[in-house]
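To start, the structure itself, in structure tokens.
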Amino acid sequence: MPSERELVRRVKTVRNIQQVTKAMQTISASKMRRAQQAVLASRPYEEKLRQILMSLAPYTDPEVHPLLQRREVKRAGIVLVTTDRGLVGAMNTNLVRATLRHAEQLPAAGYVAVGRKGIGAIRRFRQPLIAEFTKLGDRPTTADTNPIARVAVDEFLSGTVDEVYLAFTRFVSTIKQVPTLRRILPLVPEEEQRRDQPPLQYIFEPDPETVLEAVLPRLLAIAVYQAILENIASEQSARMVAMRNATDAATDLIESYTLAANKARQWRITKEMLEIASGSEALAKG
Amino acid sequence: MPLQVEVITPERKVFEDEVDMIVIPGSEGMLGILPHHAPLFTGLGAGEMRLKKGTLEYVFAVFGGFMDVRQDKVTVLTDSAEHAEEIDERRAQEARQRAQEALEAAPASSADEQRARAALQRALIRLRVAERRRPRRS
């Protein structure tokens with residue numbers, strides 16, 4: 001049992017910690033709202049672009065563009081999107097674990113790490129790092145994220161990697177974020193779509209090659225951008241929840257330490273009273 | 001049967017409604033899309049997009065992107081779409097001024113010149129679209 005003084009000190013310490021977590025909770029709550037809005041608003045663009053491209057596939061020849069070509073997979077590239085800062089609960093850990101587990105099934109893997117946490121994890125597990133990106137901030141633009149997509153495309157086109165995956169934490173709700181791994185290269189539509197389409201007479205303007213040349217890199221750039229927005233929304237949500245839990249835990253701790261301190265104080269007072277009483281009794285007898 | 005139109009930018013969904021006709025700057029020139037158009041996929045240029053619904057006309061400045069037309073569903077995916085009402089005319093004027101000065105200062109056929117030329121084009125498109133919200137004098 002710690003001493004009464006020790007307990008009073010602990011109450012003070014926890015109260016200070018609580019002030020910090022409370023402040024962080026407020027900050028991430030407002031950042032969270034903005035990040036959630038951003039991610040929900042930008043989703044339709046990526047989804048539509050992907051949808052359209054997939055549905056165009058039956059009318060185009062995969063040989064037309066190198067980004068559509070499948071090769072035997074000797075080495076895969078994984079773009080791992082994590083946060084720069086911690087205090088986000090298990091979000092990064094979960095993603096890294098899921099990604100490494102997936103990588104075990106690949107012949108070999110190289111990583112493009114986005115965010116300091118991911119870079120640290122890849123180094124710790126001694127995995128090959130192709131490139132690293134940090135400090136994208138809370139509100140990145142496509143200009144900030146395009147270099148990441150460019151590295152992925154370059155690695156694929158040069159043949160260093162034969163597949164590219166995108167690993168990030170998808171935002172579902174404030175309390176739910178899901179580690180997600182998606183193949184982004186080569187861009188291959190689902191098989192059944194390829195054959196079962198009625199042969200519509202599709203017009204490509206100016207021609208299929210030029211159109212694909214413009215659309216494919218754009219889709220990749222947008223997919224990476226979207227993944228990063230998802231990750232930011234997840235980060236802020238996870239941090240808000242982590243800090244709220246910390247604040248609540250601090251409240252519980254303060255309560256139980258205060259109770260213990262009060263009990264200790266009462267016990268000390270009772271003891272003093274007993275000593276005084278027994279002392280005066282002894283005097284009266286004598 | 002009217003056309004089902006969606007206009008989406010990376011930032012948000014700008015427009016979603018049924019319209020009678022679309023006039024849009026394609027990468028190969030202006031395009032008019034009416035119901036029962038053949039399936040089409042095209043790149044977009046920069047310019048003025050007009051969506052006509054009955055007597056209403058929605059006018060946007062669009063900058064690049066793609067359009068998919070199939071079975072009376074039209075999806076416009078553009079880098080940026082600004083409604084005529086949203087355009088800050090004063091800012092566009094200033095941008096035009098700046099671009100013009102930059103264009104004169106830049107050496108011929110340099111990267112700076114190209115940038116200035118693109119900025120000037122954007123400003124001019126914005127100004128032209130902004131004009132549209134005023135009732136036209138005939």
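Brief remarks on what is shown
- Measuring between their Cα centroids, region A:1-30 and region A:69-108 lie 36 Å from each other.
- Rounded to the nearest 10 degrees, the inclination of helix A:4-56 to the longest alpha-carbon principal axis of chain A is 10 degrees.
- Between amide H atoms placed 1.01 Å from N, distances below 5 Å from A:V79 occur with A:V112, A:Y165, A:L166, A:A167, all of them 5 or more places distant or on a separate chain.
- Distant-in-sequence amide H partners of B:K13 (H built 1.01 Å from N, under 5 Å): none
- Near A:S55: Cβ cut-off under 9 Å, other residues only, Lys/Arg at +1 and Asp/Glu at -1. The net charge is 0.
- Counted by Cβ distance under 15 Å from B:H37, the other residues give a net charge of -2, where Lys and Arg count +1 and Asp and Glu count -1.
- Accessible surface of the protein assembly as shown, 1.4 Å probe, proportion on carbon and sulfur as whole %: 52 percent
- Probe 1.4 Å, accessible area per residue of region B:1-106, Å²: 47 Å²
- Region B:38-77 and region A:231-245: distance between their alpha carbon centers, rounded to Å: 39 Å
- Those residues of region B:1-38 for which accessible area with every protein chain present is at least 50 Å² below the isolated value (1.4 Å probe): B:P10, B:E28
- Here is the tail figure for the protein assembly as shown: Cα pairs spaced more than 32 Å apart come to 54 percent of all pairs.
- Across the protein chains, with a 1.4 Å probe defining accessible surface, the residues A:S256, A:S28, B:S110 rank A:S256, B:S110, A:S28 from largest area downward.
- Local electrostatic count at A:G159 - Lys and Arg +1, Asp and Glu -1, tallied over other residues with Cβ under 14 Å: -1
- Normalised by the number of residues in chain A, the mean separation of alpha-carbon contacts (under 8 Å, six or more apart) gives a relative contact order of 32 percent.
- Accessible surface buried by the A/B pair amounts to about 2000 Å², both sides summed, 1.4 Å probe.
- Checking the cross-link pairs A:K48/A:K135; A:K74/A:K176; A:K135/B:K73; A:K263/A:K285 against a 31 Å limit on the alpha carbon distance flags A:K74/A:K176; A:K135/B:K73; A:K263/A:K285 as lying beyond it.
- For region B:3-84, the equivalent ellipsoid derived from the alpha-carbon gyration tensor has semi-axes of 16, 15, 12 Å in decreasing order.
- DSSP finds beta bridges in the protein assembly as shown, and of those with both partners inside it, around 65 percent are antiparallel.
- Mean-square fluctuations from a GNM of chain A, with a 10 angstrom spring cutoff on Cα atoms, peak among A:E104, A:E255, A:E205 at A:E205.
- Database remark: amide H of B:F66 closer than 5 angstrom to the amide H of B:L44, B:L77, B:T78 (H placed geometrically; neighbours at sequence offset of 5 or more, or on other chains; Pro and chain starts carry no H).
The values are calculated or read from the model by the stated rules, or taken from the named source; none is laboratory data. Bear in mind that the values here come from a model prediction, so they are computed numbers and not experimental data. Positions of Cβ are backbone-derived with ideal geometry, glycine not excepted, and every protein chain shown enters the neighbour counts. Ligands, DNA and RNA are excluded from the accessible area calculation, which covers all protein heavy atoms including side chains. Shrake-Rupley method; radii C 1.70, N 1.55, O 1.52, S 1.80 Å.
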